[in-house]
Structure formats: structure tokens, C-alpha cells
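**Student:** Sharing a structure here in C-alpha cells format.
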Amino acid sequence: MHDLSNLTVLRVDTRSNTFKVPRAAFVNPKVLEAEREHIFNRCWLYLGHGSEIAKPGQYVTRTVAGRTLIFNRNQKGQVRAFLNTCPHRGATVCREKSGSAKHFQCIYHGWVFDDNGKIADQPGHDSYAPDFNEGGQANLKPPPRLEEYRGLYFVCFDKDAVDLATYLGAAREYIDLIVDQSESGMVILGGTQEYSINANWKLLVENSIDGYHAATTHATYMDYLKGTAGALAATGVAGEGRDLGNGHAVIEYSAPWGRPIGQWIPAWGESGKAEIARIVARLTERYGEERAKRIALKNRNLLIFPNLIINDIMAITVRTFYPLRPDLLHVNAWAMAPAEETEAARKARLENFLEFIGPGGFATPDDVEALQNCQTGFSNADQVPWNDISKGMGKSVPSADDEEQMRGFWRGWEACMNHVNNVR
């Protein structure tokens, strides 16, 4: 194992309240190799949402930390996951992104597997020994761990990892605030947004929970809202940033844009106002006034370490991303919504989703440009070797535009990297 101590040690000084991150961590291939081994091979990673495979027989295929998987619901309604590799010669078994099937057949030699992953047929099976599948070696192999929280399914490639609920820890409170928006369950809406960024994956983590950059990077969006009649509520931007432990983090804040779950804007008209009032009244009935207001009016940018972002803002997006190189990452993003919301609310939600969060919206192109600019700037890392995320350090209650939540992520990252250095 390489000695990465000079590349992965944070510079933290509680006397001067400074927190610095080595820029080498964003460019060095040895760091990415260690991250794959000690983060992506050991942490719980988001696989998908139960609504994507709502009916028996439905499946989707996903790539998670470089591994291709089948995520499906069998005929008994049980959710399963399998490595999408034929145990015979290693071919990809299921080549479609989604569909419905009782069986999966490998195109190479025709081995057939049922929706529990068990071998169901082998051409020429009479030529195999009677106990050929003793121990299940001819079945599709499941990942070591598959667990669920509130409809979100995660896999872990470390069989000895803590259970998912323990891993999520304090982040469960914020997942609950999102999922509790619906009485009948949250659903992933049709379609996936996929795009790549020429930047290190950790830059997108920081960006996703960074309230500091919004006023400058997204000034065009705010100007657009200000210039659009009825696009803003009489609400200021204010909130807190929180380190949730285990590398998880969140910013929770108020903002002036419309939220289909509870914050009306004049552009939605009187009918929209009545609908928002109905939704908030029902939330109040279910959870009480204080929690209902928090669900309805507060925005949340939530990080589940290492790479799941759930942004509950003017719409809800679920986003994962993985490094392909130190300077290249691939993003997948999905829209989430309450299953029972009305057509008008869904229309407003999707317009918000595309207008701001989507890869062609106001925010994402700005963010991509900023992150790629950072990656270009890291070419000078030997001479200017440190990133600074000190803003708000030492405050008893960091604000949403401070950087405490990013420091929480880096503490989780450093803990993983310390394992590398301790076992080298």
C-alpha cells in the first residue's frame, strides 16, 4: 500500500480556526485508488428507490462504484440485487436499463437465471455433474449487503460493515423530513439525468452542500426570479450547516422560491395558494405545527457519505456520482415527488427541477464550470497546495453559508484515509 500521509492529512488549527484540505487529494491517482478501496468498497452506497421497481418482475440495472448490478423485485414482491455478471464466462447478463422479467438469460451460452438469481436452465446441462451447482456457484451472485431505509435501497461490498440504520445515524432525521412529505409514499419520476464533469468527485460533494457559492455562482438565477412577476415569496435566505457524523452533512435553510410541498409563490395563483394551504394543513394534522412548518418551508441539501446527495429545495433531486479518473466523474440524477400530489403541483415541481437543478438549467452549468475551473487551477497544486474551508469555524451555530458541513465530510474522508496510512 502506498504511503499517502503527505497527500491525505488535513491541516486543522483550532487556535486560529483554520481548516485546510490538500489539493493533491484532488489530482493524485494513488489517492483515488485508496478511495476506491477504503471508501467505495466499504461504505453503504445508494442503489435505487423502491418505486422504480414497484411491481413484481420489474428491474433496473445500475453501475455502483464500478460494479454493474441488477436491482429487481421478484414475483413474491421481494427486493433483490445481483452482480450483473454471468458465473459461466463473465458476460453481462441483463443488458437493458430497465424492464420487467421473470428470468434473465445470458446471450453468450444461454444460461438462464430466475428473478431470485438462481440458475434455471443450462443448455447441455446433462453434460454437467449432478452436483455442479452445489453451494450456488452457478447462481448470480448478490452483493454482500443490501438494506433499505424509508424506500431508499443501499448496497455495501463489505460484509462486515455496520447495518445501514447505524451508518446513516443522524442523517435519518433529514431523510424522514423528506419522505414524510407524502402519505402514500415518495416516488422516483420517469427518466434519468446523466452527465459527466471534468473534475474530481469530491468537488461535487462540496458544491452540493455549499451555501456560500450560491450568491455569486447562481446570481443569474436569482436575478431571473427577481425579474419574473410572482416568482418569489416574501422569505429571506437563512439557515444552518450541520456535520451529522460519519461524513454525512446537511444545510437547512429558508429561501424565497416556491416549494410545491408548502411554500406558495404568487405565480401559482389563488388555486395554487389554496392547494398549498391544504397540503400544509394536512402536514400540521399529521405532525403538529412546528414539524409541519419545517417540512413545508425549510430547504435541505443532504449528503449521505460518500456520494449520495438529496436536495429538497424547489424540487427534490436524488443524485449519485462516481469518479472515473481523478479529474473526471459521472453523475446520475432522478426527480422525486410525493406519489399523491396533484397534476398542477407535479407540473410546478418538474418545471423547477429542470429550470434550476437539471443539467440544462440555471444552476448545474454554473456549477460544472466552477468545478472544472477548480480542477484546472489544481495544476498549480505543488506551489499553492491547500484549499481553505475555514469559514464559520469556531461558531457555536454555523450558518448555511459557512463551511462546517464540508468539514464534516472531510473528517469522514480523512478517517478512511487514516486507515490506509495505518495499514501500509
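The values are calculated or read from the model by the stated rules, or taken from the named source; none is laboratory data. As the structure is a computational prediction, the values presented were derived from the model and not from experiment. Neighbour counts run over all protein chains shown; Cβ positions are idealised from the backbone, glycine included. Surface areas here come from the heavy atoms of the whole protein model, side chains and all, with no ligands, DNA or RNA. Shrake-Rupley method; radii C 1.70, N 1.55, O 1.52, S 1.80 Å.
**Student:** Which residue, of LEU10, LEU4, LEU32, is closer than 29 Å to THR166 by Cβ and either touching a Phe, Trp or Tyr at 6+ places or on another chain (Cβ under 8 Å) or open to solvent by 70 Å² or more (accessible area, probe 1.4 Å) (or both)? Steps first, answer last, please.
**Tutor:** Values: LEU4 fails: either touching a Phe, Trp or Tyr at 6+ places or on another chain (Cβ under 8 Å) or open to solvent by 70 Å² or more (accessible area, probe 1.4 Å) (or both); LEU32 fails: either touching a Phe, Trp or Tyr at 6+ places or on another chain (Cβ under 8 Å) or open to solvent by 70 Å² or more (accessible area, probe 1.4 Å) (or both).
Being closer than 29 Å to THR166 by Cβ and either touching a Phe, Trp or Tyr at 6+ places or on another chain (Cβ under 8 Å) or open to solvent by 70 Å² or more (accessible area, probe 1.4 Å) (or both) holds for just one of LEU10, LEU4, LEU32, which is LEU10.
**Student:** For the stretch 393-410, does any single residue satisfy the condition of being in contact with a strand residue (DSSP E or B) (Cβ under 7 Å, 6 or more places away or on another chain), within 24 Å of GLU35 (Cβ to Cβ) and surrounded by fewer than 17 Cβ atoms within 10 Å (Cβ to Cβ)?
**Tutor:** no
**Student:** Within the stretch 195-206, is there a residue that is farther than 26 Å from ASN41 by Cα and surrounded by 19 or more Cβ atoms within 10 Å (Cβ to Cβ)?
**Tutor:** No.
**Student:** Something else: Among the residues of the stretch 338-349, is any out of contact with any helix residue (DSSP H, G or I) (no Cβ under 7 Å at 6 or more places or on another chain), open to solvent by 50 Å² or more (accessible area, probe 1.4 Å), acidic (Asp, Glu) and in contact (Cβ under 8 Å) with a residue 40 or more places away in the chain?
**Tutor:** yes
**Student:** Something else: (1) among the small types (Gly, Ala, Ser); (2) more than 30 Å from ASN387 (Cα to Cα); (3) open to solvent by 20 Å² or more (accessible area, probe 1.4 Å); (4) in contact (Cβ under 8 Å) with a residue 40 or more places away in the chain: which one isn't true of SER182, the others all being true?
**Tutor:** Of everything listed in (1) among the small types (Gly, Ala, Ser); (2) more than 30 Å from ASN387 (Cα to Cα); (3) open to solvent by 20 Å² or more (accessible area, probe 1.4 Å); (4) in contact (Cβ under 8 Å) with a residue 40 or more places away in the chain, SER182 misses just condition (3).
**Student:** Which of the strands (runs of 3 or more DSSP E) found entirely inside the stretch 107-162 contain at least 2 residues meeting this: aromatic (Phe, Trp, Tyr) and either farther than 15 Å from ARG80 by Cβ or open to solvent by 50 Å² or more (accessible area, probe 1.4 Å) (or both)?
**Tutor:** So the answer is none; nothing clears 2.
**Student:** What number of residues in the stretch 378-394 are in a loop (DSSP other than H, G, I, E, B) and under 28 Å from the mean Cα position of the chain (by Cα)?
**Tutor:** So the count comes out to 5.
**Student:** Among the candidates ASN6, ASN84, ASN72, ASN41, single out the residue that is closer than 30 Å to GLY408 by Cα and modelled with pLDDT of 95 or more.
**Tutor:** Values: ASN6 fails: modelled with pLDDT of 95 or more; ASN84 fails: closer than 30 Å to GLY408 by Cα; ASN72 fails: closer than 30 Å to GLY408 by Cα.
Criteria check complete, one pass: ASN41.
**Student:** Moving on to the next point. Report yes if some residue within the stretch 61-80 is within 21 Å of the chain's Cα centre (by Cα) and over 23 Å from ASP163 (Cα atoms); otherwise report no.
**Tutor:** yes
**Student:** For the stretch 54-88, what are the residues that are β-branched (Val, Ile, Thr) and within 16 Å of TRP334 (Cβ to Cβ)?
**Tutor:** VAL60, THR61, THR63, VAL64
**Student:** Can you tell me which residue within the stretch 48-61, out of those that are buried (at least 19 other Cβ atoms within 10 Å of the Cβ) and in contact (Cβ under 8 Å) with a residue 60 or more places away in the chain, is nearest to LEU83 (Cα to Cα)?
**Tutor:** Only one residue fits best here, namely GLY48.
**Student:** Would you mind telling me which numbered condition in (1) in contact with a His (Cβ under 6 Å, 6 or more places away or on another chain); (2) touching a residue at least 24 places away in the same chain (Cβ under 8 Å) THR68 fails?
**Tutor:** (1) is the only condition that THR68 fails.
**Student:** Between a residue in the stretch 379-408 that is touching a residue at least 40 places away in the same chain (Cβ under 8 Å) and any residue that is among the polar types (S, T, N, Q) and part of a loop (DSSP other than H, G, I, E, B), which pairs come within a Cβ distance under 6 Å, given they are 6 or more apart or on different chains?
**Tutor:** MET393/ASN17; GLY394/ASN17
**Student:** Identify all residues within the stretch 163-179 that are open to solvent by 60 Å² or more (accessible area, probe 1.4 Å) and either closer than 23 Å to VAL331 by Cα or not hydroxyl-bearing (Ser, Thr, Tyr) (or both); write none if there are none.
**Tutor:** Within the stretch 163-179, ASP163, ARG172, GLU173 meet the criteria.
**Student:** Exactly one of (1) closer than 15 Å to VAL60 by Cα; (2) open to solvent by 40 Å² or more (accessible area, probe 1.4 Å) is unmet by VAL93. Its number?
**Tutor:** Of the numbered conditions (1) closer than 15 Å to VAL60 by Cα; (2) open to solvent by 40 Å² or more (accessible area, probe 1.4 Å), the odd one out for VAL93 is (2).
**Student:** Does ARG36 meet the test of being within 18 Å of the chain's Cα centre (by Cα), in a strand (DSSP E or B) and among the charged types (D, E, K, R)?
**Tutor:** Considered against the rule, which asks whether it is within 18 Å of the chain's Cα centre (by Cα), in a strand (DSSP E or B) and among the charged types (D, E, K, R), ARG36 comes out as no.
**Student:** If the requirement is being open to solvent by less than 20 Å² (accessible area, probe 1.4 Å) and touching a Gly at 6+ places or on another chain (Cβ under 9 Å), which of these qualifies: PHE26, PHE40?
**Tutor:** PHE40
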